[in-house]
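Read the structure below first, then the notes.
Only the coordinates and a few stated rules stand behind these numbers; no lab work does. Keep in mind that what you see is a predicted model, and the values were worked out from it rather than measured. Cβ placement follows ideal geometry from the backbone for every residue including glycine, while neighbour counts extend to all protein chains displayed.
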Amino acid sequence: MPDLEDPWRHIVEFIESRGYNDFMGMKRHLTRETELVRDLKITGDDAVEFMDSFIECFLLEIGDFNFHDHFDEEGLWLLPRLKKTNVKRKITLGMLERAVERGVWNSAQLNASADNAGT
């Protein structure tokens with residue numbers, strides 16, 4: 001488990017070590033507003049792997065985390081007619097940081113914090 005004195009640094013290292021911030025040979029600048037889906041293109045099976053590894057690495061309690069609230073199933077982009085129009089909740093790196101600091105995924109707290117950060 002990473003030393004949680006500086007969770008932000010460890011989250012950035014976690015993402016960089018797995019190549020998620022590498023886009024066509026260029027490193028993306030990661031901020032607390034960086035979104036997993038929109039910015040890092042983490043979707044489908046990659047999202048399952050990412051979240052499983054993240055939860056394990058940071059010994060995070062899964063709480064009320066629900067994959068389907070945040071990510072589409074693998075391959076749905078190929079069949080847009082089958083894709084439901086449910087709006088997915090974003091996950092930002094700042095939300096991951098707050099979850100690590102709290103030790104548990106609490107959707108209501110994390111979504112409220114994300115909504116307040118945008119105002």
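Yes/no matrix, rows are residues, columns are (1) within 15 Å of ASP72 (Cβ to Cβ); (2) among the hydroxyl-bearing types (Ser, Thr, Tyr); (3) touching a residue at least 12 places away in the same chain (Cβ under 8 Å):
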residue: GLU5; (1), (2), (3): no, no, no
residue: ILE15; (1), (2), (3): no, no, yes
residue: ARG18; (1), (2), (3): no, no, yes
residue: ARG38; (1), (2), (3): yes, no, yes
residue: ASP45; (1), (2), (3): yes, no, yes
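If I ask for residues that are among the acidic types (Asp, Glu) and in a loop (DSSP other than H, G, I, E, B), which ones from region 20-43 would you list?
GLU33, ASP39
Considering only region 38-48, how many residues are among the β-branched types (Val, Ile, Thr) and buried (at least 16 other Cβ atoms within 10 Å of the Cβ)?
2
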